[in-house]
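In what follows, a single structure is set out as structure tokens and then discussed.
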Amino acid sequence: NRVVFVVKYENEIVDAVGRALTNRLPKWKRYGNSPLPYQFGRGNAAVVVEDCISASVIGSVKGFIGVALLGTSLLERHKLLLSKFSTVIVALDPDALFKNLEIAKELRNYVDNVKVIRLKDDLKYRQEEDFNKLKEVVWN
């Protein structure tokens, strides 16, 4: 009773992350031990989020890649992966504003264009206001 998100690196499956569909614990389960984040989408702008569902929602928008940290910790492997993007937008859940700023500060050593968006709600809920902010940040 889990939906599983596949973690790939260079088109090879290296891990997977499962989300319980019921009240089963643990809510999220990592099947392997890869330090890589889950990624979904295509484009030059990476949007850093906490979970796979939010990354999938972001990745469905043309020009964006959702990158799920699978939490709020930025690992060295995440930094190296994100350094390949021209723009990185940090958009963790609304309750993690301080963590957004902390991650953005760290990423500025790896990426030229790092921005932070203060969200009204988690991106997985597809709030129009949040998506408009996201597009505005990238296109302006």
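The values are calculated or read from the model by the stated rules, or taken from the named source; none is laboratory data. Being a predicted model, the structure only gives us computed values, none of them experimental. No Cβ is skipped: glycine too gets one built from the backbone with ideal geometry, and neighbour counts run over all protein chains shown. With ligands, DNA and RNA removed, areas are computed over all heavy atoms of the protein, side chains included. Shrake-Rupley method; radii C 1.70, N 1.55, O 1.52, S 1.80 Å.
The H on the amide N of residue 9, modeled in the peptide plane, is under 5 Å from the matching H of 14, each at least 5 residues off or on a different chain. Quick check: the distance between the Cα centres of the stretch 71-140 and the stretch 43-69, to the nearest angstrom? Centre-to-centre (Cα) distance: 10 Å. Full extension of the chain between residue 14 and residue 29 gives 3.9 nm of extra length, using 0.36 nm per residue less the Cα-Cα distance.
Coupling constants for the stretch 21-30 follow from the phi torsions by the Karplus curve (6.51 cos²θ - 1.76 cosθ + 1.60, θ = phi - 60°), and in residue order they are 8, 10, 7, 5, 10, x, 5, 10, 9, 8 Hz; glycine and proline get x.
For the chain, the relative contact order is 17 percent, taking Cα pairs closer than 8 Å that sit 6 or more residues apart in sequence and dividing their mean separation by the residue count.
Distances between placed amide hydrogens fall under 5 Å for residue 87 paired with 46, all partners being 5 or more residues away or on another chain.
Can you compute the FRET efficiency between residue 120 and residue 73 using 1/(1 + (r/R0)^6), with r the Cβ-Cβ distance and R0 = 25 Å? Round to the nearest 0.05. With a Förster radius of 25 Å, E is 0.55.
A 1.4 Å probe over all protein chains sorts 31, 9 by accessible area into 31, 9, starting with the largest. Each of residue 62 and residue 80 was given a label point 7 Å from its Cα along the Cα-to-Cβ line. The distance between the two points is 3.4 nm. Measuring nothing but protein heavy atoms, the accessible surface of the chain at 1.4 Å probe radius is 48 percent carbon and sulfur.
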